[in-house]
Amino acid sequence: MTYGYARVSSLEQNEERQLIALKKAGVRRKTLYVDKQSGKDFQRPQYQRMLQRLKKDDLLCVKSIDRLGRNYGEILGQWRLLTKEKGVDILVLDMPLLDTRNGKDLMGTFLSDIVLQVLSFVAENERESIRQRQSEGIEAAKERGVQFGRPVVPAPEDFPAIISEWESGQLPFAEALAQTGLSRGTFYRRLREYRTVAGPSGQ
């Protein structure tokens, strides 16, 4: 039986390119499994479901090695679990050298393992480089004064007067909220800030 596995890191990403390649490789819809989550580990629902169905001499196809996973050590561990313990063959479509059906002798297995280790190492290093560049970019942006996160919504200039009328019972809460133009959560945040500066009485 030929199985296919595809993975994207989030719900917003599109797995169509992987699915097209897997179908061209002979994977049928009923043996195609797709996860939409990070590849940091192998605790993914569809992957685990597929793992339970894989049997000796089945073939598992993936578009590229990083679709299987993104952690160097875990990819190697999972590769050994599939090929050595379960007796499953693996084909990486973007890297024909990683086809365990070829070279079943000692030399073929040795070469396949070397290629796998090199590719896994390169993939993990690339991810680390991307994270490092992102971190450096964020730090550089902060130094330029770029603000991250939600913009701070300030209280209106007449906020003290509105609070005074509301607290004295002259103004219903709903009307006080409407006059400030703030959401309920932001209203209470600005109120806490106001009381911190002015004191509980607002004086």
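The values are calculated or read from the model by the stated rules, or taken from the named source; none is laboratory data. Since this is a predicted model, take the numbers as computed values, not measurements. No Cβ is skipped: glycine too gets one built from the backbone with ideal geometry, and neighbour counts run over all protein chains shown.
Side notes on the structure shown:
- For region 44-71, the set of residues classified as under 23 Å from residue 13 (Cα atoms) and either modelled with pLDDT of 90 or more or of a type in the set (Ser, Thr, Tyr) (or both) consists of 44, 45, 46, 47, 48, 49, 50, 60, 61, 62, 63, 64, listed by residue number.
Residue by residue, here is whether (1) modelled with pLDDT of 75 or more; (2) surrounded by fewer than 11 Cβ atoms within 10 Å (Cβ to Cβ) holds:
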site	(1), (2)
111	no, no
121	no, no
132	yes, yes
140	yes, yes
176	yes, no
184	yes, yes
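- Candidate set from region 61-85 (those that are over 17 Å from residue 44 (Cβ atoms) and basic (Lys, Arg)); member that is surrounded by the fewest Cβ atoms within 10 Å (Cβ to Cβ): 84
- Residue in region 98-109 that is closer than 30 Å to residue 185 by Cβ, modelled with pLDDT of 75 or more and within 29 Å of the chain's Cα centre (by Cα) present: no
- Any hit, region 3-22, residues being surrounded by 20 or more Cβ atoms within 10 Å (Cβ to Cβ), of a type in the set (A, V, I, L, M, F, W, C), over 21 Å from the mean Cα position of the chain (by Cα) and assigned by TED's automatic domain parsing to the domain that holds residue 114: yes
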